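Report on the structure given below.
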Amino acid sequence: MSSAKIVTAALGIAAAAGASIVVGSSSPAAAASVQETRDYVWVGFTPSETKQIAHSGVSSIFSRPEVRPYFYAQQDRDSVYKSYFIPGRGYVIKATVQKLVNEAAHHPNGRVWVSYNKHLPRPITIWTQF
């Protein structure tokens, strides 16, 4: 599978997760927040959606070797998972995306955000907020 298809698949899975959560929700207030500009797209999931994403395991797609070169992860500043600087690699987090999502899901206001920036060499960013 080509790199572009892998990235598209990862974004599609994130979008599908949001869509299935929104469709399964009885309240329109529970819908994922989507913001778009000419160069960026952000999808912010509510705390309830974040819990559903954590339970579904869908974020484990980011552990696949084909997907790893195309995303960054950023944890909440209060995360138990810390960033470390490795010369030649930059900052790394010793956690999988699934662990970061699980951690956010365990906080009352925990949220997951996914963004796409077509100008970055790693166009997808996943971050947690709680």
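Worth a mention:
- Any hit, the range 90-113, residues being in contact (Cβ under 8 Å) with a residue 60 or more places away in the chain and among the hydrophobic types (A, V, I, L, M, F, W, C): yes
- Tyr91 vs. criteria over 12 Å from the mean Cα position of the chain (by Cα), under 20 Å from Asn117 (Cα atoms) and not in a helix (DSSP H, G or I): yes
- Residues in the range 74-129 that are in contact with a Gly (Cβ under 7 Å, 6 or more places away or on another chain) and over 18 Å from Ala32 (Cβ atoms): 1 in all.
- Pair list, Cβ under 6 Å, 6 or more apart: the range 62-77 residue surrounded by fewer than 18 Cβ atoms within 10 Å (Cβ to Cβ), other residue among the charged types (D, E, K, R): Tyr72/Arg122
Quick note: the coordinates plus some simple rules give every number you see, no bench work behind them. Only a predicted model underlies this, so the values are computations on that prediction, with no experimental measurement involved. Neighbour counts are summed over all protein chains in view; Cβ atoms, including those assigned to glycine, are modelled from backbone coordinates with ideal geometry.
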